[in-house]
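The values are calculated or read from the model by the stated rules, or taken from the named source; none is laboratory data. Please read all numbers here as calculations on a predicted model, not as lab measurements. When we count neighbours, we look across all protein chains shown, and the Cβ atoms used for this are built from the backbone with ideal geometry, even at glycine. We work out accessible area using only protein heavy atoms, side chains counted, and drop any ligands, DNA or RNA first. Shrake-Rupley method; radii C 1.70, N 1.55, O 1.52, S 1.80 Å.
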Amino acid sequence: MNTLFFRYVPGNSIVHRLDPRVKIAGMLIASISIFISSSLREMAVVALVFFLLALISSISVRVILSAVRPMLMFLGIIFILQLFLTEGNPLFSLVGLDATYEGLALGVLMSMRFLFLLMFASLLTATTAPSLMTTGIEKMLRPLPLKRLGISSFDLATMMFLSLHFVPLLYGSFSHLRDAQVSRGLDMARNPFKAVYSLSVPMVRTAFISAEEVAVAMESRCYQGVNRSSLNEPVMQKNDLAALLVFGIVMFLLV
Amino acid sequence: MSIDVRNLTFRYDRGTSLEKTSLEDVSLSIDKGEFVLIGGEIGSGKSTLVRHFNGLLKPFSGQVTVDGMAAHEKKVKARVGVLFQFPQQQLFGRTVFEDVAFGPRNFGYRGNELDLQVHSALELLGLGKEIYSVSPFRLSGGQMRLVAIAGVLASRLDYIVLDEPFSGLDAENKKILLSALRHLNSRGTSVIVVSHRMSDLLSVADRVFLLDQGNLVFGGTPAEYVKHAPSHLPEITCLMKELRRKGFDVRGDIFNIDDAFSEISRVLNTKEAVRR
Ligand SMILES: Nc1ncnc2c1ncn2[C@@H]1O[C@H](COP(=O)(O)OP(=O)(O)O)[C@@H](O)[C@H]1O
Ligand SMILES: [Mg+2]
């Protein structure tokens, strides 16, 4: 069972203790760097930065792997599409399709981008308590003129928090369901179509039911969506700012 | 023929700060044909234990074997059926029949034999023919639960494990389910029921295991259980113990109403006789 999927794993490292806003901004910087890096060498730098951060935060490899593993198929599809659909010097050919050197390079690059995006995201969720994440997002959004669009930064932050909250929850119901169907003799490898059908129907149902339950629970506790305060107000400190600055400069210089 | 658990230790989220030992050096064995209860508080490791019976979890240390095969071997799934908590979530078929047929089909049953097994499982749980072609999502909560249970019973496996099958069922459906399980058991199927409130099931069980914080703290017959277990006693046993304390000469190891009734009438009759 994979219960670590994008879950918060409490700890006491420097990364854990950083202001959530710094980490979210860092995540944005990392995403931008990942998408503008266009060579394998730049990717290697991103990888290096990631592993350093993961090391500092003393997050176990399992946590990162559990975020990546379910997505491997998706990454594989991206890779194969790039490999065969890019024009260039032929590498080999398969059932009338030509794989190219350029496709190989691009495929590796694209799948690496998604891989590192996932890995940075799981580092963020693993080191940041969900409630702090919400407060962080909310505070970062507050200066924006969202009111004119008819929503408050609180609403938006709460929506994001709920989405974050639902990821491990839905993954939990998914593993529970998979166990149940496998116990009824489902062989996922031999019968992928049956697997998708017998898992997706109850999964969608469960998702809707639990979303409704959360909505009812929030309403019955008088959730209004405006001016909520939080138990742990993050206070930006000098070292938080310094960390962000250093991280930003490092990423841009290297990539 | 048995499920054998030897020195099983299991931890979730190994190697992270969330690491948690959920089973510690548990050893037990369940024979073919037994009716077994596994009890313990919520969080004591019951569900974790039964996930090892058909190999969904692999032991961190120790072994689990089923009829001599390692539990994670594929063939074991065709011997041990597990029904998890909230089984109504696993329904997906277009009709009740299709959903219940999912298991037996996966195990290779076809045609008449398949029909027969699906029908008899549904019938056993008191579900009438009129719902066979209805969508399972149009049923009531209790009926959905029974359909899900039928989905596990219909495969006719040697061992059936049910995780908290009674919680949330009304009295009527509880009765139906219990008699279905007893019927299967009388025909040689091992029935293993997990429950955090097992006191009202003691009278149907051959053997009882009690978990406490991942440790197996008791294994024995229901009679031994009510004699030795410190907690989780049936109300009727508490009553008999209380009567004893008050000076009535009744047995303290009684756990079903009929025995209690005859014991109390025996004591009252002798009292009467003495008075006369
Ligand atoms: N998927 C999981 N990931 C991490 N910890 C878990 C998981 N499932 C159960 N646990 C923990 O293992 C312990 C035993 O849980 P469980 O076997 O579900 O108990 P029970 O079924 O007796 O209520 C609990 O402390 C629970 O928090
Ligand atoms: Mg349980």
*Where nothing but the Cβ of Lys and Arg (+1) and of Asp and Glu (-1) is charged, how large is the charge dipole of chain B around its Cα centre, in debye to the nearest 20?*
40 debye
*Does anyone have the angle between helix B:96-106 and the longest principal axis of chain B? Alpha-carbon axes, 0 to 90°, nearest 10?*
80 degrees
_Given Cα positions, please report Rg to Rh for region B:100-207, the hydrodynamic radius being the Kirkwood one._
0.96
*Pick out, in residue order, every one of the trypsin sites (Lys or Arg not before Pro) in region B:62-123 that is DSSP loop and has at most 16 other C-beta atoms within 10 Å; say none if there are none.*
B:Arg94, B:Arg110
*Sum of -39500 (n - 2.57) over DSSP H runs of 4+, divided by residues of chain A (222 nm, nearest 500)*: -23500 deg cm²/dmol
_Percent carbon-and-sulfur accessible area, region B:1-110, ignoring ligands, DNA and RNA, probe 1.4 Å_ = 45 percent
*Which whole DSSP H helices in chain A pass both tests: a Cα extent of 18 Å or more along the axis and a mean Kyte-Doolittle value no lower than 0.5?*
A:20-36, A:40-56, A:72-85, A:101-127, A:153-183, A:192-220, A:238-254
*Accessible area (Å², per residue) of chain A, counting only protein heavy atoms and a probe of 1.4 Å*: 56 Å²
*Calculate the mean, over all residues of peptide B:52-60, of how many other protein chain Cβ atoms lie within 10 angstrom of the residue's Cβ.*
2
*Please provide three numbers in whole Å: the alpha-carbon extents of region A:149-231 along the principal axes, with the largest listed first.*
52, 25, 23
*Please report the buried accessible area for the interface of A with B, total over both chains, probe 1.4 Å, in Å² to the nearest 100.*
2600 Å²
*For helix B:171-186, what angle does its Cα long axis make with the longest principal axis of chain B, in degrees from 0 to 90 and rounded to 10?*
80 degrees
*Taking the Cα centre of region A:149-231 as the origin and placing charges on Cβ (Lys, Arg +1; Asp, Glu -1), which of A:Leu170, A:Ser210, A:Ser183 is farthest toward the positive end of the dipole?*
A:Ser183
*Quick one: helix B:235-245 against the long Cα principal axis of chain B, what's the angle to the nearest 10°, folded into 0 to 90?*
20 degrees
*Calculate, in nm to one decimal, what B:Ser140 and B:Lys175 gain on full extension: separation in residues at 0.36 nm each, minus their alpha carbon distance.*
10.9 nm
*Sorted by mean Cβ packing within 10 Å, highest first, what order do the peptides B:186-193, A:162-169 take?*
B:186-193, A:162-169
*Which pairs, out of B:Lys46/B:Lys77; A:Lys194/B:Lys46; A:Lys194/B:Lys77; B:Lys20/B:Lys58; B:Lys20/B:Lys46; B:Lys32/B:Lys77, put more than 22 Å between their alpha-carbon atoms?*
A:Lys194/B:Lys46
*asked:* Whole angstrom only: what separates the Cα centroid of region B:255-276 from the Cα centroid of region B:8-29?
replied: 48 Å
*Measuring from centroid to centroid over Cα atoms, what is the spacing of region B:107-186 and region A:151-204 in Å?*
25 Å
*Enter the mean number of other protein chain beta carbons within 10 Å of the beta carbon of each residue in B:85-93, as an integer.*
6
*In what sequence, highest mean first, do A:190-197, A:74-81 appear when ranked by Cβ atoms within 10 angstrom?*
A:74-81, A:190-197
*Rounded to the nearest 500, what is chain B's calculated 222 nm mean residue ellipticity when only DSSP H runs of at least 4 contribute -39500 (n - 2.57) each, over all residues?*
-11000 deg cm²/dmol
_Let me confirm one metric for peptide A:171-181, namely the mean number of other chain beta-carbon atoms within 10 Å of its residues' beta-carbons._
4
_Charges at C-beta only: +1 for Lys and Arg, -1 for Asp and Glu. How large is the resulting dipole of region A:149-231 about its Cα centre, in Debye rounded to 20?_
260 debye
*asked:* If I compute solvent accessible area with a 1.4 Å probe over the protein chains, what percent of it on region A:149-231 is carbon and sulfur?
replied: 66 percent
